[in-house]
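J.: Let me give you the structure first, and then I'll get to my questions.
The values are calculated or read from the model by the stated rules, or taken from the named source; none is laboratory data. Computed from a predicted model, the values in this text were never measured in an experiment. Because the Cβ atoms are built from the backbone with ideal geometry, glycine has one as well, and the counts that use them run over all protein chains shown. Each accessible area value is taken on the protein alone, full model and side chains, heavy atoms only, with ligands, DNA and RNA left out. Shrake-Rupley method; radii C 1.70, N 1.55, O 1.52, S 1.80 Å.
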Amino acid sequence: MIERFLALLQRRGTVLMAAGLLVGIALPELAHLMRPGLPALVFVLTVAAFLGTDPAVLVGHARRPERLLLVPAWILLASPVLAELAANFLGLPQALGNALVLWAASPPLSSSPAIAMLLGLDGALALLAVIGSTFLMPLVLPPLALGLIGVAIGVGIVPLMARLALFILGAGLVAALLRRSIGADRLQRRESVIGGCNVVLLHLFAIAAMDGVGPLIAAEPGAVLIYAATAFAASLGFQALSYLAFCWMTPLAAATIGLAGGNRNMAVVWANLGSAATPELMLFFAAMQLPIYALPILLAPVYRRLAGRGAALTAASPEGRRPGKHGMGERP
């Protein structure tokens, strides 16, 4: 019964993500109450991403230099430069332009692998993008932000990288212990259960992420509308640009990188801004939560079509029977 329910949740995942967004806005007290649990939700989502990913597939991606090196370079270097050029071309206010650049310089959202698997994309590749970009971000972001927008970010590189390593390695270790105790074959057969659990976690995450957004909309509806429109345009634009930048790969890989490129973990940057954390940056950070949860329901048919096209091409190739799109592995 529980497995059927979780399988049903997986099939309705994008709708439930968007519903979490609405619940968090409509019930600000609930969102505020759940906000302290966000780090724990991120950790469990990371564990689920490792658990739903075949380690051999993750290692296979990591051995390909165009994925291990070019994807973080695009996300952390090319994207903020393009964001700065776009902000100047469009004549955005300086505060909004600075926020856009900092968002574009952030690593992919920690929940990107879970969302990728929900949409039928390559969860292993999304996980690799998150890990690689998150570890490199402390080295790249401070000089880049200072050079592009003149914002000094006081990132303690060694302590931050140590915390990130502990977080990611801890999640990987928990997932490895669970994989060993449950068994790889049983995990493969319970893929829909993992997907359903991810939907529940993403729904709760969406509610908690809306803490403060409801009152902000009521207090400054005009400013929120402008920042929200910019957030949606930025997410859509960088999803499209990221897909086009890697369209020379398989459609599945390009679509996965597109998803990661248009959904960024600005919270990592926000936590290290110090005095540079202006109210405008906070407003943009809040506005960026909206496309994260609203766009998957709108773009799900596009991504699933691309995922199906990628799977068809993979099946037609000599490597067609290697582990597949979700990273769980497909057996002959």
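J.: How would the range 174-250 be classified by its alpha-carbon gyration tensor: rounded, prolate or oblate, with rounded meaning a/c under 1.5 and the a/b versus b/c comparison settling the rest?
T.: Since a/c reaches 1.5 but b/c is at least a/b, the shape of the range 174-250 is classed as oblate.
J.: Using a 1.4 Å probe on the protein chains only, how many percent of the accessible area of the range 168-307 belongs to carbon and sulfur?
T.: 70 percent
J.: Calculate the all-directions average of the projected area of the chain's alpha-carbon convex hull, and give it in nm².
T.: Averaged projected hull area, Cα only: 16.4 nm².
J.: So what's the angle, to the nearest 10 degrees on a 0 to 90 scale, between helix 2-11 and the longest Cα principal axis of the chain?
T.: Between helix and principal axis, roughly 60 degrees.
J.: Can you give me the angle between helix 191-209 and the longest principal axis of the chain, using Cα atoms only, in degrees from 0 to 90, rounded to the nearest 10?
T.: The angle comes out near 10 degrees.
J.: Moving on. Which whole-number percent gives the relative contact order of the chain, counting Cα pairs below 8 Å spaced six or more residues apart?
T.: Relative contact order, the chain: 32 percent.
J.: If I take R0 = 25 Å and measure r between the Cβ atoms of residue 225 and residue 38 in this structure, what FRET efficiency does the formula 1/(1 + (r/R0)^6) give, to the nearest 0.05?
T.: That gives a FRET efficiency of 0.45.
J.: Still on this model: Considering only protein heavy atoms, with the full assembly of protein chains and a 1.4 angstrom probe, order 304, 12, 180 by accessible area, largest first.
T.: Order by accessible area, largest first: 180, 12, 304.
J.: Turning to a different aspect of this structure: If I fit a long axis through the Cα atoms of helix 94-104 and take the longest principal axis of the Cα atoms of the chain, what angle between them do I get, 0 to 90°, rounded to 10?
T.: Once rounded, one gets 20 degrees.
J.: Modelled label-to-label distance, residue 12 and residue 90, 7 Å Cα→beta-carbon offset: nm?
T.: 3.5 nm
J.: Could I ask something else about it? Between the range 28-70 and the range 84-161, how far is it from one alpha carbon centroid to the other, in angstrom?
T.: So the separation of the two Cα centres works out to 16 Å.
J.: Probe of 1.4 angstrom, ligands and nucleic acids ignored: what's the accessible area per residue over the chain, in square angstrom?
T.: Per-residue accessible area for the chain comes out at 45 Å².
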